[in-house]
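Chemist: Take a look at this one; I'll ask things after.
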Amino acid sequence: SKLAALFKHPLYNIPIPEVTEKDKLFVVNPMEKFSLHSSRSDEWISSSKAETLLPTGKTAYDTYPTWLKFHVGINRYELYPRLDPLMPALLWDLATQRIVSSGTSSLLAPLPTPLPCCPLLTSLFLMSLSVQKTGGTQLKLIMTFPDYGQALFKPMKQTRDQETPADLFYFSDLERHNAEIAAFYLDWVLDFRRIPPVSGRLINITKEIRDITTDKKLAKTFFISPAGNVCFYGECSYYCSTEHALCGKPDRLEGSMAALLPDKTLAKRRSWRSPWRRSYHKSKKAEWELNRNYCAKVREMPPYDRGHRLLDLIDMTVLDFLMGNMDRHHYETFEKFGNDTFLLHLDNGRGFGTHSRDELSILAPLQQCCSIKKSTYLRLQLLATEPYRLSDLLREALATDPLAPVLAEPHLQALDRRLGKVLAVVGHCLAR
């Protein structure tokens, strides 16, 4: 296993700073225990008021569902630990847990019983049910599980070997479910760990969406195609019409299932407009495309005028270039941690659209600023060597996903070519 060897390498064993209480996203009472109600309602109640049935454990933490353990584990320095023992269980839940409701809004399932003894943990799963996911240009659904965990489902729109046409604008591109999966694993292999866990899943459109949804608007969009397949199109800004319907075979459909982050009412996130945002116009260019010294201006702007925010953004630039994602207009951070924290790498569905072309303009922040974290640069150099070749590592990581093979082979080979170009840009900067 090249992955096992990689995570034993010293560059992948650099410790994070000590995590204090103020560095944790949530501080919880270690005495609070939870269990599923013994009735068929699957409601959550305080273990002090009922016999503990599921889940059980020696400590209160053992009684938390996997998604809740993920949420309370988030801290200032990482979304999840490097070799997180929780991750296999969380990915398994995303891929296999029974879906009890689905729709464009997550306020679809009956609310669990309030837990007066445990206000924070009660809020964590109560508030997770009220997130709206109706925005965006393309259809995505909220799937709710019996333990009140939730996932963002993005359905398959393109086959693995379909490339985005060269004449298609980046803002007109379709989102790809397999790009979300591959982006999570690539982010992990690069040791950024800033993308919430994602698993592939084969959904039964009839039983797991149509028959259980309480979303009336979504329910009206189901139909049977002339080929006898179950189809639906939902509601969104674009690509939600009978011409862009999603059809099963006859009712089986691939998709990505991404673990949701804690609701913003509990863990506020701030959205930042990227300084290297594209114009999203067919003829206009952004300022960074016209001004070679644009980075000097950015360095004087908060929050890029201090701390490691600019270097974090360049980490994200490297990730985007490797997967060919031109659609990074915003990013988010957890508000609690201020400027001294990592960037969340969300919405990666427009990556891995092409393997035959490399969009060098994505690397503009690196090229113009000539700055990169030393640790990132050393890891990139390592991933360009034969024992730790990036394409081999990602291929091995993706082999564990239920929808493997997640990427067509040319996309994996493109990673090595693009990594070489990133290192060439850094080499040019060093020469200057």
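Chemist: Among the residues of segment 281-299, which ones are open to solvent by less than 80 Å² (accessible area, probe 1.4 Å) and small (Gly, Ala, Ser)?
Modeler: Of everything in segment 281-299, those that are open to solvent by less than 80 Å² (accessible area, probe 1.4 Å) and small (Gly, Ala, Ser) turn out to be ALA286, ALA296.
Chemist: Any residue in segment 8-19 that is under 15 Å from TYR388 (Cα atoms) and of a type in the set (A, V, I, L, M) sitting within a Cβ distance under 6 Å of a residue that is exposed (fewer than 10 other Cβ atoms within 10 Å of the Cβ) and at pLDDT 95 or above? List the pairs, counting only those 6 or more apart or interchain.
Modeler: As it stands, the answer is none, since no pair meets every condition given.
Chemist: Just to verify a result, which residue in segment 67-87, among those that are farther than 15 Å from PHE26 by Cβ and of a type in the set (D, E, K, R), is least open to solvent (accessible area, probe 1.4 Å)?
Modeler: The residue in question is ASP84.
Chemist: Among the residues of segment 203-210, is there at least one that is modelled with pLDDT of 90 or more and closer than 30 Å to LEU415 by Cα?
Modeler: Yes, segment 203-210 has at least one match.
Chemist: If you don't mind, there's one more thing I want to ask. For segment 300-335, give me each residue that is part of a helix (DSSP H, G or I) and surrounded by fewer than 16 Cβ atoms within 10 Å (Cβ to Cβ). Walk me through how you get there before you give the answer.
Modeler: Residues of segment 300-335 part of a helix (DSSP H, G or I): 309-323, 335.
Hit for segment 300-335 is GLU335, nothing else.
Chemist: Still on this model: Mind checking which residues of segment 236-263 are in a loop (DSSP other than H, G, I, E, B), surrounded by fewer than 14 Cβ atoms within 10 Å (Cβ to Cβ) and not aromatic (Phe, Trp, Tyr)? Even if it seems obvious, please write down each step before you answer.
Modeler: First pass over segment 236-263, keeping only residues in a loop (DSSP other than H, G, I, E, B): 236-241, 245, 248-251, 260-263.
Next cut, surrounded by fewer than 14 Cβ atoms within 10 Å (Cβ to Cβ) only: 237-238, 241, 249.
Those that are in a loop (DSSP other than H, G, I, E, B), surrounded by fewer than 14 Cβ atoms within 10 Å (Cβ to Cβ) and not aromatic (Phe, Trp, Tyr): SER237, SER241, LYS249.
Chemist: Can you work out which of the residues in segment 388-432 that are among the aliphatic types (A, V, I, L, M), within 23 Å of THR317 (Cβ to Cβ) and open to solvent by 50 Å² or more (accessible area, probe 1.4 Å) is modelled with the highest pLDDT?
Modeler: ALA424
Chemist: Here's a follow-up. Would you check which residues across segment 162-181 are modelled with pLDDT of 85 or more and either in a loop (DSSP other than H, G, I, E, B) or exposed (fewer than 13 other Cβ atoms within 10 Å of the Cβ) (or both) and list them?
Modeler: Filtering segment 162-181 down to residues modelled with pLDDT of 85 or more leaves 175-181.
GLU175, ARG176, listed by residue number.
Chemist: Could you pull out the residue among SER225, SER241, SER256 that is in contact with a Lys or Arg (Cβ under 7 Å, 6 or more places away or on another chain) and of a type outside the set (A, V, I, L, M, F, W, C)?
Modeler: From the options SER225, SER241, SER256, the qualifying one is SER256.
Chemist: Restricting attention to segment 250-265, does a residue exist that is without any contact (Cβ under 8 Å) to a residue 24 or more places away in the chain and not basic (Lys, Arg)?
Modeler: yes
Chemist: Of all residues in segment 211-224 being in contact with a strand residue (DSSP E or B) (Cβ under 8 Å, 6 or more places away or on another chain) and open to solvent by 40 Å² or more (accessible area, probe 1.4 Å), which is modelled with the lowest pLDDT?
Modeler: Only one residue fits best here, namely THR214.
Chemist: May I ask you to say which residue of GLU21, GLU32, GLU78 is modelled with pLDDT of 95 or more, under 23 Å from LYS336 (Cβ atoms) and out of contact with any Asp or Glu (no Cβ under 6 Å at 6 or more places or on another chain)?
Modeler: Among GLU21, GLU32, GLU78, only GLU78 is modelled with pLDDT of 95 or more, under 23 Å from LYS336 (Cβ atoms) and out of contact with any Asp or Glu (no Cβ under 6 Å at 6 or more places or on another chain).
Chemist: Which pairs turn up if I take residues in segment 68-91 that are in contact (Cβ under 8 Å) with a residue 24 or more places away in the chain and look for partners that are part of a strand (DSSP E or B) with beta carbon separation below 6 Å, at least 6 apart in sequence or on another chain?
Modeler: Here the result reads ASN75/LYS24; LEU91/SER199, each pair linking segment 68-91 to a residue that is part of a strand (DSSP E or B).
Chemist: Here is a follow-up. Looking at (1) within 24 Å of HIS428 (Cα to Cα); (2) touching a helix residue (DSSP H, G or I) at 6+ places or on another chain (Cβ under 6 Å); (3) among the polar types (S, T, N, Q), can you tell me which one ASN348 breaks?
Modeler: Evaluating ASN348 over (1) within 24 Å of HIS428 (Cα to Cα); (2) touching a helix residue (DSSP H, G or I) at 6+ places or on another chain (Cβ under 6 Å); (3) among the polar types (S, T, N, Q) leaves (1) as the failure.
Chemist: Something else: Please state which of the following conditions ASP191 fails to meet, knowing it meets all the rest: (1) of a type in the set (Asp, Glu); (2) open to solvent by 50 Å² or more (accessible area, probe 1.4 Å); (3) more than 17 Å from THR104 (Cα to Cα).
Modeler: Against the list (1) of a type in the set (Asp, Glu); (2) open to solvent by 50 Å² or more (accessible area, probe 1.4 Å); (3) more than 17 Å from THR104 (Cα to Cα), ASP191 comes up short only on (2).
The values are calculated or read from the model by the stated rules, or taken from the named source; none is laboratory data. None of these values were measured; they are calculated from a predicted model. Reconstructed Cβ throughout: ideal geometry from the backbone, glycine too, with neighbour counts over all protein chains shown. For accessibility, only protein heavy atoms count, side chains too; no ligands or nucleic acids. Shrake-Rupley method; radii C 1.70, N 1.55, O 1.52, S 1.80 Å.
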